[in-house]
Amino acid sequence: MTLTELKHLYARQDLVEALVEPSINSGYIVEFRHRGGGLVPLTDITGSEQCYGDVDSATQQAFDVGFQQVRIADEY
């Protein structure tokens, strides 16, 4: 989901956790735990998962959605 779509879900209290984790390739991805279960990744408008070069950049995206805390997953 795009940043705008995720902001709407957060405003409706449908997202309960933000998670930054290492990407399979390189960098970091941002996912959000949905209230109904499952993870929702941050994507671009084409649906491709967004990858960030460092933890701080990825974490900022979760802050932009509205979260004040972000869980950082360990490296693989």
(request) Would you check if there is a residue in segment 6-17 being out of contact with any strand residue (DSSP E or B) (no Cβ under 8 Å at 6 or more places or on another chain) and of a type in the set (A, V, I, L, M, F, W, C)? (result) yes
(message) What's the total number of residues in segment 15-30 that are exposed (fewer than 15 other Cβ atoms within 10 Å of the Cβ) and within 14 Å of residue 65 (Cβ to Cβ)?
(response) 1
(message) Just the residues that are charged (D, E, K, R) and under 19 Å from residue 14 (Cβ atoms), please, taken from segment 25-76.
(response) 31, 33, 35, 64, 71
(request) Report, by residue number, each residue of segment 43-73 that is closer than 17 Å to residue 33 by Cβ and hydrophobic (A, V, I, L, M, F, W, C). (result) 58, 62, 63, 65, 67, 70, 72, 73
(request) Within segment 63-76, track down each residue that is open to solvent by less than 80 Å² (accessible area, probe 1.4 Å) and acidic (Asp, Glu). (result) 64
(request) Kindly provide the set of residues from segment 31-62 that are in a helix (DSSP H, G or I), open to solvent by 40 Å² or more (accessible area, probe 1.4 Å) and either among the polar types (S, T, N, Q) or free of Cβ contacts under 8 Å to residues at least 24 places away in the same chain (or both), ordered by number. (result) 56, 57, 60
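The values are calculated or read from the model by the stated rules, or taken from the named source; none is laboratory data. Here the structure is a predicted model, which is why all the values come from computation and not from measurement. So basically every Cβ, Gly included, is an ideal-geometry build from the backbone, and we count neighbours across all protein chains shown. Each accessible area value is taken on the protein alone, full model and side chains, heavy atoms only, with ligands, DNA and RNA left out. Shrake-Rupley method; radii C 1.70, N 1.55, O 1.52, S 1.80 Å.
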